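Working notes, structure below.
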Amino acid sequence: MLEIKNLHVKLADEDTEILKGVSLAVPKGQVHAIMGPNGSGKSTLAYVLAGREDYEVTKGDILWNGESVLEMEPDERAAKGVFLAFQYPMEIPGVATMTFLRTAVNALRKKRGLAEFTTPEFLKRVRAEAAALGVSDEMLKRPLNVGFSGGEKKRMEILQMAMLEPSLCVMDETDSGLDIDAVRIVSEGVNRLRSKDRAMLVITHYQRLLTYIVPDKVHVMAGGAIQKSGGKELALELEETGYTEFSPKTPAHA
């Protein structure tokens, strides 16, 4: 279970708080969605979960399976099962996609005390997962994300998620910049990874993603805190009413 307890966060070189007492629990086997306006703190929460170093936690705690992750480096969190899908995946010229995937997968398996994949094992696995996501062999031969469309980059991130087998998946605006067909394809990939042993936190502005990735619970974040929680119907309400009732009293940063 993911437990976020009274989390207060600021940028390391600034005094203004971005997260102002976020509390949240996501049990394994469930998908929770966080919705909210720009500047509400949603992406900050995702970065802090993954261990991005330019944020400072001033109060509170983050527990994954009962263990605090705050003092863990990003690679240690990954070994514990934490995975962040970025809103804007980076292009890495000169790094072959297959080399990146195999290096990342085997490094993580080694940290978890598992045997590394042999070349045949890796190729069989990655090709099966790629085919399910519509990731072509040609895409796998390119440098990582170089020349990819927005939809291709997001499918590649879901492929990474499938290969790395995290137990906590944090998806930061996975639908950003995608057309409806790409949203559907990416969502199908995410839904394939739903399991009783995996918790998912989906961050989005819009209800349309949640038509495909149906959440167990929806939380509204504004002003750096969770303002309201409810079932999947809350996303439909927000689509109709917007976020005006949740306008923050003080500015916050996304």
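If you filter the stretch 115-152 down to residues that are assigned to a helix (DSSP H, G or I) and acidic (Asp, Glu), you find that the one that is surrounded by the fewest Cβ atoms within 10 Å (Cβ to Cβ) is Glu138.
Just a yes or no: is a residue in the stretch 69-83 in contact with a Gly (Cβ under 9 Å, 6 or more places away or on another chain) and over 21 Å from Leu168 (Cα atoms)? Scanning the stretch 69-83, I find no residue that is in contact with a Gly (Cβ under 9 Å, 6 or more places away or on another chain) and over 21 Å from Leu168 (Cα atoms), so the answer is no.
Looking at Val26, Val57 in this structure, which one is in contact with a strand residue (DSSP E or B) (Cβ under 9 Å, 6 or more places away or on another chain), surrounded by 14 or more Cβ atoms within 10 Å (Cβ to Cβ) and at pLDDT 95 or above? Unique residue meeting the criteria: Val26. Hey, can you tell me all the residues within the stretch 50-77 that are assigned to a helix (DSSP H, G or I) and more than 21 Å from Leu159 (Cβ to Cβ)? Hit for the stretch 50-77 is Glu76, nothing else. When Arg77, Arg155, Arg112 are checked against the criterion of being surrounded by fewer than 20 Cβ atoms within 10 Å (Cβ to Cβ), touching a helix residue (DSSP H, G or I) at 6+ places or on another chain (Cβ under 8 Å) and among the basic types (Lys, Arg), Arg112 stands alone in meeting it. Condition first: assigned to a helix (DSSP H, G or I), surrounded by fewer than 17 Cβ atoms within 10 Å (Cβ to Cβ) and touching a residue at least 40 places away in the same chain (Cβ under 8 Å). Can you find one or more residues in the stretch 189-204 that meet it? Scanning the stretch 189-204 turns up at least one residue that is assigned to a helix (DSSP H, G or I), surrounded by fewer than 17 Cβ atoms within 10 Å (Cβ to Cβ) and touching a residue at least 40 places away in the same chain (Cβ under 8 Å).
Each row is one residue, and each column tells you yes or no for (1) more than 26 Å from Gly29 (Cβ to Cβ); (2) in contact with a Lys or Arg (Cβ under 8 Å, 6 or more places away or on another chain); (3) not hydroxyl-bearing (Ser, Thr, Tyr).
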position: Asp54; (1), (2), (3): yes, no, yes
position: Gly60; (1), (2), (3): no, yes, yes
position: Met72; (1), (2), (3): no, yes, yes
position: Gly81; (1), (2), (3): no, no, yes
position: Gly94; (1), (2), (3): yes, no, yes
position: Arg109; (1), (2), (3): no, no, yes
position: Arg112; (1), (2), (3): no, no, yes
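Residue check: Asp175 meets all listed conditions (1) touching a residue at least 40 places away in the same chain (Cβ under 8 Å); (2) under 21 Å from Lys232 (Cβ atoms); (3) among the acidic types (Asp, Glu) but one, namely (1). For beta carbons closer than 7 Å, sequence separation of 6+ or different chains, a first residue in the stretch 59-80 that is in contact (Cβ under 8 Å) with a residue 12 or more places away in the chain and closer than 14 Å to Met1 by Cα and a second that is hydroxyl-bearing (Ser, Thr, Tyr) and not in a loop (DSSP other than H, G, I, E, B), the qualifying pairs are Asp61/Ser68; Ile62/Ser68.
Within the stretch 208-231, the residues that satisfy the criterion of being touching a residue at least 40 places away in the same chain (Cβ under 8 Å) and either in a loop (DSSP other than H, G, I, E, B) or among the aromatic types (Phe, Trp, Tyr) (or both) are Ile213, Val214, Pro215, Asp216, Gly223, Gly224.
Restricting the search to the stretch 78-101, which residues are in a helix (DSSP H, G or I) and polar (S, T, N, Q)? Scanning the stretch 78-101 gives Thr97, Thr99.
The values are calculated or read from the model by the stated rules, or taken from the named source; none is laboratory data. This is a predicted model, so every value here is computed, not measured. Cβ: placed from backbone, ideal geometry, glycine included. Neighbour counts: every protein chain shown.
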